[in-house]
Amino acid sequence: MPAAVPVHHQPGVLAPSPAAAGVAAYDVTARTRAELTATLRAVTSRGVTVAAGASLFDGRFGLRPPRRLTTMPKFAGDVLEEQWCHGDLLLQALADTPDQVDSQLADVPGLTLRWRINGHKLPEDRNAFGFKEGAGNPTTPQVWVGDDEPACYLGGTYQVVRLIRLATPTWDHKSTEDQERVFGRRKESGEELPEMLNSHVRRARPAEEKHKILRRGYPFATEPGHLFMCYQRDPETGFAAAQRRLVGEELEKYVLPFGGGYFFTLPGTDGTKDDYLGRAMVESS
C-alpha cells in the first residue's frame, strides 16, 4: 500500500485574529504559466493567505479548477457593485499593525489590484454592532476539502468573502434588549438566547454539524462596515444554505452586502524553499 501523501494547510485559515487585517482581490496580468508561477512564488514570500477565484480557471493557464468553485451569486438583499466583487486571486493579510498589512499587500508583479478592504479588531473581539465576534464557531472546524476534490487541492478550503455596509446609526438607536432579540445572543456575554427562535443565530445555524462554517470578521477600518469571511468544505451547503435561511430576518434592515466573492484557499507549502502556494495546481494541470 503506497504511503499517504502529506497534506499541508495555510496557517491563516485557523489562526487567531490579530489586531489588523486586509483582504485584496487581484486580476492576474501574467500571460504564461511560467509568469503565473513567478507571481505565486512572490505572494508566497509575503506570508499572506492565498486563494483563487473562479476566473483564474478561464483557460488562460490550462488549470484544472476545484470542483465546487463558482462565481458568487447575488443573494436576496444584495446590492452588488462589480468593482467590489470577485477576482482571480485573493490575498489575506493578518498582522499586528496596519503598516504590516500594507507591507504584506504591497504591489506584486503579475497582479493588478481589483479591490481591497482593511479591517481592525475592536476591544473584546466585538463586531461593529457590539456583539462578540466568532461566538458559535465550531470547536473543531471541519473546513478542509475531502478526496472528492482533485488531489492538487487537498489541504485547501472554500473561502467566502462578503463586504457589508452597516446602518450603525439606526442600529445604535435600538435598545440593548431589541438588539439581543435580533441577534439571539446576550450582548455582554455572547450567551445564546434559546427562546429567540427567529433570531439571526438560530436561522443561520445548519441542522448538521458537518455544514457549520468557520467565520472570521472584522469591522472596516475607515467606515461603518463589516468584512465577513468564512471557510467550509462546500460553499453551497455551507454559506449559501445559511444565506437562504436568513432571507427575511430582521437583521436585513441594518446590513447592505455590496461586494466580495467565492474563492478557494490553496493548500499550504511543505516549508522547503522550492515549494510555493499553488505549485500542485500549476504542475498537475
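The values are calculated or read from the model by the stated rules, or taken from the named source; none is laboratory data. Quick caveat, the model's predicted, so the values are computed rather than measured. Methodologically, a virtual Cβ is constructed for each residue, glycine included, from the backbone with ideal geometry; neighbour enumeration extends over all protein chains shown. Side chains included, ligands, DNA and RNA excluded: accessible areas come from the protein's heavy atoms. Shrake-Rupley method; radii C 1.70, N 1.55, O 1.52, S 1.80 Å.
Under the condition of being touching a residue at least 60 places away in the same chain (Cβ under 8 Å) and farther than 15 Å from Glu236 by Cβ, which residue from segment 66-82 is most open to solvent (accessible area, probe 1.4 Å)?
Of everything passing the filter in segment 66-82, Val79 is most open to solvent (accessible area, probe 1.4 Å).
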Quiz item: When residues of segment 145-172 are filtered for being assigned to a strand (DSSP E or B) and either acidic (Asp, Glu) or open to solvent by 10 Å² or more (accessible area, probe 1.4 Å) (or both), how many remain?
Solution: 3
Quiz item: Which one of these does Leu94 not meet: (1) over 25 Å from Arg245 (Cβ atoms); (2) assigned to a loop (DSSP other than H, G, I, E, B); (3) in contact with a Pro (Cβ under 6 Å, 6 or more places away or on another chain)?
Solution: (2)
Quiz item: If you check Ser189, Ser199, Ser175, which single one turns out to be open to solvent by less than 10 Å² (accessible area, probe 1.4 Å) and farther than 20 Å from Val50 by Cβ?
Solution: Ser199
Quiz prompt | Single match in Gly261, Gly248, Gly268 (criterion: part of a loop (DSSP other than H, G, I, E, B) and touching a His at 6+ places or on another chain (Cβ under 6 Å)) | solution = Gly268
Self-check item: Close pairs from segment 254-277: first within 23 Å of Leu227 (Cα to Cα), partner polar (S, T, N, Q) and in a strand (DSSP E or B), Cβ under 6 Å, at least 6 apart
Solution: Phe263/Gln159; Thr265/Thr157; Thr265/Gln159
Exercise. Tell me, yes or no, whether segment 111-120 has at least one residue that is of a type outside the set (Val, Ile, Thr) and in a loop (DSSP other than H, G, I, E, B).
Key: no
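Residues to consider are Ala42, Ala15, Ala34, Ala21; find the one that is assigned to a strand (DSSP E or B) and either closer than 23 Å to Leu166 by Cβ or among the aliphatic types (A, V, I, L, M) (or both).
Matching residue, one of Ala42, Ala15, Ala34, Ala21: Ala21.
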Exercise. Could you tell me whether any residue of segment 254-264 is under 19 Å from the mean Cα position of the chain (by Cα), more than 30 Å from Asp148 (Cβ to Cβ) and open to solvent by 30 Å² or more (accessible area, probe 1.4 Å)?
Key: yes
Practice problem: Evaluate segment 88-102: report whether one residue or more is touching an Asp or Glu at 6+ places or on another chain (Cβ under 6 Å) and surrounded by 16 or more Cβ atoms within 10 Å (Cβ to Cβ). | Solution: yes
Quiz item: Which residue, of Glu191, Glu208, Glu223, is without any contact (Cβ under 8 Å) to a residue 60 or more places away in the chain, under 14 Å from Arg126 (Cα atoms) and not small (Gly, Ala, Ser)?
Solution: Glu191
Quiz item: Among the numbered criteria (1) out of contact with any Lys or Arg (no Cβ under 8 Å at 6 or more places or on another chain); (2) open to solvent by less than 50 Å² (accessible area, probe 1.4 Å), which single criterion is violated by Val108?
Solution: (1)
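Results for (1) aliphatic (A, V, I, L, M); (2) at pLDDT 95 or above; (3) surrounded by 15 or more Cβ atoms within 10 Å (Cβ to Cβ), shown as yes or no for each residue.
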position: Val5; (1), (2), (3): yes, no, no
position: Ala19; (1), (2), (3): yes, yes, yes
position: Arg31; (1), (2), (3): no, yes, no
position: Arg41; (1), (2), (3): no, yes, yes
position: Ser45; (1), (2), (3): no, yes, no
position: Gly53; (1), (2), (3): no, yes, yes
position: Gly59; (1), (2), (3): no, yes, no
position: His86; (1), (2), (3): no, yes, yes
Quiz item: Of the residues Gly136, Gly190, Gly184, which is small (Gly, Ala, Ser) and modelled with pLDDT of 95 or more?
Solution: Gly184
